[in-house]
Amino acid sequence: MAIRILRDFTKRMFSLFFQKQREIKLGFYGPPNAGKTSLANRICKDWTGEEIGTVSNIPHETRHVQFKEEVEIKYKEKTLKFKLIDTPGIATKIDYEDFVKLKMNKKQAQKRAKEATQGIVEAIKWLDDMDAVIIVLDATENPYSQVNLTIVGNLVARKIPVLIIANKIDLRKADIKRIEAAFPDFDVIGISAKFGKNMDEFYESVFKLAKKAR
């Protein structure tokens, strides 16, 4: 009897230990060109020395879900390990002619539009695997867009913890208060992923988000 009780206790302790040590699946979502990959690169470069993807001024540079395992960050003597998942930009409409206007030839533009559409479907499918999500928004753009509302609505429906990032605060037109007003029920952190501005507050918020992760 005593041996069985000891064995059960040991199993529970091991279970709790590995549960606490598990890798949190942290997804990066948002509209195209908001800076998701720039932020993912910043984090990976800070803590692993490697970037995760390529950035471009042309929308939908990221057209497939990309991730990096076992990213470990430290903040104020705390350590957090997670799987960083960078997703393609979410859009309600993709027209190859928009890429033609950016000086792509028709064949390239059609290919990019097709891959971008497939990437959006893939990103939405990955939502069910997320423990927590960081929504990256361009602080110079109008936050009251159908895309942003759709992303937030999907996350709320799935009860996934959310942190909203107002990126590009280095730009003159950046307006964090407008994003805070648009999403009053969520924490909003202003950063510049490009220049690494306000990353300490960002990392602190990531630790808070991780506590809410399922």
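Annotation note: Cβ proximity below 6 Å between a residue of the stretch 45-59 that is closer than 14 Å to GLU70 by Cα and without any contact (Cβ under 8 Å) to a residue 40 or more places away in the chain and a residue that is of a type outside the set (Ser, Thr, Tyr) and part of a loop (DSSP other than H, G, I, E, B) (sequence gap 6+ or interchain) occurs for LYS45/GLU51.
A quick yes/no check of all residues on (1) surrounded by fewer than 16 Cβ atoms within 10 Å (Cβ to Cβ); (2) closer than 17 Å to GLN66 by Cα:
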| residue | (1), (2) |
| --- | --- |
| LYS114 | yes, no |
| VAL136 | no, yes |
| TYR144 | yes, no |
| PRO161 | no, no |
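Quickly run through the stretch 71-91 and pick out the residues that are buried (at least 19 other Cβ atoms within 10 Å of the Cβ) and among the aromatic types (Phe, Trp, Tyr). Of everything in the stretch 71-91, just one residue is buried (at least 19 other Cβ atoms within 10 Å of the Cβ) and among the aromatic types (Phe, Trp, Tyr), namely PHE82. Of the set (1) closer than 16 Å to LYS36 by Cβ; (2) free of Cβ contacts under 8 Å to residues at least 24 places away in the same chain; (3) of a type in the set (Gly, Ala, Ser), all apply to ALA123 but (2). Output yes when any residue across the stretch 112-129 is within 30 Å of GLU201 (Cα to Cα), of a type in the set (A, V, I, L, M, F, W, C) and in contact with a helix residue (DSSP H, G or I) (Cβ under 9 Å, 6 or more places away or on another chain), and no when none is. Scanning the stretch 112-129 turns up at least one residue that is within 30 Å of GLU201 (Cα to Cα), of a type in the set (A, V, I, L, M, F, W, C) and in contact with a helix residue (DSSP H, G or I) (Cβ under 9 Å, 6 or more places away or on another chain).
Taking residues in the stretch 102-113 that are hydrophobic (A, V, I, L, M, F, W, C), and partners anywhere that are surrounded by 11 or more Cβ atoms within 10 Å (Cβ to Cβ), the pairs with Cβ atoms closer than 6 Å and at least 6 places apart or on different chains are LEU102/ILE58; ALA109/TYR96; ALA109/PHE99; ALA109/VAL100; ALA113/ILE94; ALA113/TYR96.
Residues that are touching a residue at least 40 places away in the same chain (Cβ under 8 Å) and either within 20 Å of GLN66 (Cβ to Cβ) or surrounded by fewer than 20 Cβ atoms within 10 Å (Cβ to Cβ) (or both) do occur in the stretch 165-172, at least one of them.
Rule-based calculations on the coordinates, nothing more; no lab input. Just so we're clear, the structure is a prediction, and the values are computed from it rather than from any experiment. Don't worry about glycine lacking a Cβ; one is built from the backbone with ideal geometry, like all the others, and counts go over all protein chains shown.
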